[in-house]
Amino acid sequence: MKKVLYTLIVLLVVASGLVLANRGFKSETAEKSTQKPLTAAEKNTELKKWEASPEGIKFKNWESSPEGQKVLDGAAKISRQVSDSSDMEAVVTALSLPPGSRLGFGVMVRINEDDYILNFGSLNADELQELHSLKVNDKLIIRSHFVSYAPKYAYPIVMGDYVERDSKIIYKRLPRKDGC
């Protein structure tokens, strides 16, 4: 009987030791996987490396080209409204994005005589229903917090956060649940 009792106690000690050792190992790997933010010097170094890469060179060439300048000028024209998240009047010019676009759902709009891609990203069915009711020449009031551009697209990309048509809200982006 004593042998059985000692065997059970030894097994219990070994098992608990393995559990605690495994727990300590997991916390060490979690600490190693988190990276600290880069310093300004490290950011500059990384930027220089990227600019010297083929992708960086291609982007710099696009930025200095007439097509790139047109896109950058368009983004600059609405940058103040975007940073203030103020209302912008837009007119729908096309219900589809340029061929080859991988932006999710979006439409082409004209804001202050310039064309933009109004992007909504991936949406659920309820949100899409209202947006699918848009027609060419619909007048919209939009708000955005972000405008971007890429060499692949001939237009600046405006992220739609709020869209209103005829004083009725047809889309409003919900805040992210993770707090950011």
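Key figures
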item: Criterion violated by Thr45 - all others in (1) under 19 Å from Ser148 (Cβ atoms); (2) out of contact with any strand residue (DSSP E or B) (no Cβ under 8 Å at 6 or more places or on another chain) satisfied; result: (1)
item: Residue that is modelled with the highest pLDDT [pool: residues in the stretch 91-107 that are exposed (fewer than 11 other Cβ atoms within 10 Å of the Cβ) and not hydroxyl-bearing (Ser, Thr, Tyr)]; result: Pro99
item: Matching residues in the stretch 108-127 - criterion: being aromatic (Phe, Trp, Tyr) and at pLDDT 85 or above; result: Tyr116
item: Checklist (1) exposed (fewer than 15 other Cβ atoms within 10 Å of the Cβ); (2) in contact with a Ser or Thr (Cβ under 9 Å, 6 or more places away or on another chain) applied to Met159, failing item; result: (1)
item: Failed criterion for Val136 (all others in (1) of a type in the set (Val, Ile, Thr); (2) under 14 Å from Arg165 (Cα atoms); (3) surrounded by 15 or more Cβ atoms within 10 Å (Cβ to Cβ) hold); result: (3)
item: Leading residue by the ranking (nearest to Ile157 (Cα to Cα)) among those in the stretch 46-90 that are surrounded by 14 or more Cβ atoms within 10 Å (Cβ to Cβ) and of a type in the set (Val, Ile, Thr); result: Val71
item: Matching residues in the stretch 136-157 - criterion: being polar (S, T, N, Q) and within 18 Å of Ser85 (Cα to Cα); result: Ser144, Ser148
item: Total residues in the stretch 123-163, condition touching a residue at least 60 places away in the same chain (Cβ under 8 Å) and over 22 Å from the mean Cα position of the chain (by Cα); result: 0
item: Filtered residues of the stretch 71-107 (kept if within 14 Å of Tyr149 (Cβ to Cβ) and assigned to a helix (DSSP H, G or I)); result: Val71, Leu72, Asp73, Gly74, Ala75, Ala76, Lys77, Ser79, Val82
item: Among (1) within 15 Å of Tyr162 (Cα to Cα); (2) in a helix (DSSP H, G or I); (3) not polar (S, T, N, Q) - the single one Leu123 does not satisfy; result: (2)
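The values are calculated or read from the model by the stated rules, or taken from the named source; none is laboratory data. Every value quoted in this text rests on a predicted model; they were computed, and no experiment measured them. Glycine gets a Cβ as well: all are built from the backbone with ideal geometry, and neighbour counts include every protein chain shown.
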